[in-house]
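The values are calculated or read from the model by the stated rules, or taken from the named source; none is laboratory data. Bear in mind that the values here come from a model prediction, so they are computed numbers and not experimental data. All Cβ positions, glycine included, derive from the backbone under ideal geometry; neighbour counts span all protein chains shown.
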Amino acid sequence: MKHFNWLLLLFCMPLLAAPDGKALYENNCSSCHHSQGKGGIGLPLTPEILSQLSDAYIAKTIRHGRPGRIMPSFEQLSLAQVNAIVRYVRSWTGKPAPVFQAAKIKGDAAKGKPLYEKHCVRCHGKDGSGEGPGTGVTMSRERTFMVMPAALNNSGFQKSASDAMIRDIVASGRKSSDMPSFKSKLSDEDIAHVVTYLRTLKPPVIKQGMEEWRGKPAYIMESPYDFETTVENVKQALTGANFRIFPQRYLEQGLVDEFSVNTRQVSIRFCNFKELYHLLNIDPRLGTVLPCRINVMAQNGKVLVISANVAHLATLFNNQELSEVGVLMEEIILTVMEEATL
Amino acid sequence: MRLFASLCLMLSLVLPVGADQTLVMVRSEAPAQYVMDVLKETLPEYGYTVAHTQRCDGGMAEFHYKSDFYRVVFFGKLEEVRTILARHPEMSPYLPLKITVVAENGETILASMDPRSLGGFFPEDAELQLQFLRWYNDIEAILDEMRRLKKK
């Protein structure tokens, strides 16, 4: 029994040891923020940017994420693990973190609204959603802004940023971005009004896919036609919907030799390149669900037409803009499938 | 002491370690083409066949992309694909499995859908849940190998 206990303790060592911030960062953060915080899909974490963010803000951001803005919530990480990541990131700056009071700032939202509309809307949008596709900075393409304007109405931002931190950023501007200092344009009182108004901004309601397909991995329709006719029907319907069709593949192609491949399962791949590049700008991780395809399978005497539930797939990315495209794509794909099986 | 140790063991088994993830992603310091080559060699070591590689980057430069390296690698095990599709044709859009390889600033991002995120669609099929877990473990291990690749 004594040995058993030691064995158990050995298993539990990772739980008992102090969390390794570097390892946690590399496992959870570096794929988006870069191994040295240069940014990528996610925001850069350069010393300049970190100099305006408190440790509490970073910790809460890790904890709550940014719903609909790519950054996931890491609610499963323990407080000690989150703090270890924050310490590791902070160590890059070589300077202590700024500290902001947690107390609410008293202002008048009604007075803040016109000020917000005059000074902030151009970049942050009327509803505070931020403008421009996606987040982050470098990825593989050019960016208009070094750092995309924050989605001020995002519940993750609202929970993470204290009034005092927002006030400081409004007054000082944002280093490494186009956000100017408003110190000369807004009095302390004005800034308090703006901060109070920001707290009234609500996140937009995210559209969902069609109810009848929710909770299903794929759209699936039975075709009244034979296999070959159904394949041709799908292609025609896709062409009619302005998609370019790639040479079709068997589902098993490449996994087995050409003589053994099941030729009654084909994948019709299609694309609208202009839309594709637009979507890749919204979220470069889109490739994980590409290419668009509709499968036709002959099985148990039936001919089935099947596509991934794109409205659901789009939600995997925690990217509201992409989720909305997923809902639109759902309509298009279902129309194509219906046309092919009418 | 025994109680404490048992509690620790239970916790180590049930506590998740990362975000509520739907994607598995890593960054490799190595350049994309090299990562692609190693990835194609590594997949068979885990028993998978590389079905094909699709380029998704034709003309990306015209759309102001700095890099045009964007590939999707499809891979799978024939018997698994056949067994699952016989039971669940609605799984066909998710098979074969795939990993996306994207160049970024001289480094490489690899991303794949977390197969466990499909689990909620098949609550009654314990065998399939186990399969999702196996795929996840393999994908995570493979991507971890790519993450460890060093700059050339």
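Mind checking which helices (runs of 4 or more DSSP H) fall wholly inside the range A:17-59 and carry at least 2 residues that are within 18 Å of A:Asp168 (Cα to Cα)?
A:47-50
From the list B:Glu140, B:Glu124, which one is over 18 Å from B:Val72 (Cα atoms), outside any strand (DSSP E or B) and of a type in the set (Asp, Glu)?
From the options B:Glu140, B:Glu124, the qualifying one is B:Glu124.
Residues checked against (1) at pLDDT below 95; (2) of a type outside the set (D, E, K, R); (3) closer than 23 Å to A:Lys38 by Cα; (4) not in a loop (DSSP other than H, G, I, E, B):
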position: B:Leu11; (1), (2), (3), (4): yes, yes, no, yes
position: B:Glu80; (1), (2), (3), (4): no, no, no, yes
position: B:Glu90; (1), (2), (3), (4): no, no, no, yes
position: B:Val102; (1), (2), (3), (4): yes, yes, yes, yes
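Got a number for residues in the range B:101-141 being under 11 Å from the mean Cα position of the chain (by Cα) and in contact (Cβ under 8 Å) with a residue 40 or more places away in the chain?
11
Considering only residues of the range A:55-76 that are of a type in the set (S, T, N, Q) and surrounded by fewer than 22 Cβ atoms within 10 Å (Cβ to Cβ), which is farthest from A:Lys202 (Cα to Cα)?
A:Gln76
Cβ-Cβ distance below 9 Å, separation of 6 or more or different chains: which pairs start in the range A:51-69 with a residue that is at pLDDT below 95 and end on one that is of a type in the set (Lys, Arg) and part of a loop (DSSP other than H, G, I, E, B)?
A:Ser51/A:Lys95; A:Ser51/A:Lys175; A:Gln52/A:Arg174; A:Gln52/A:Lys175
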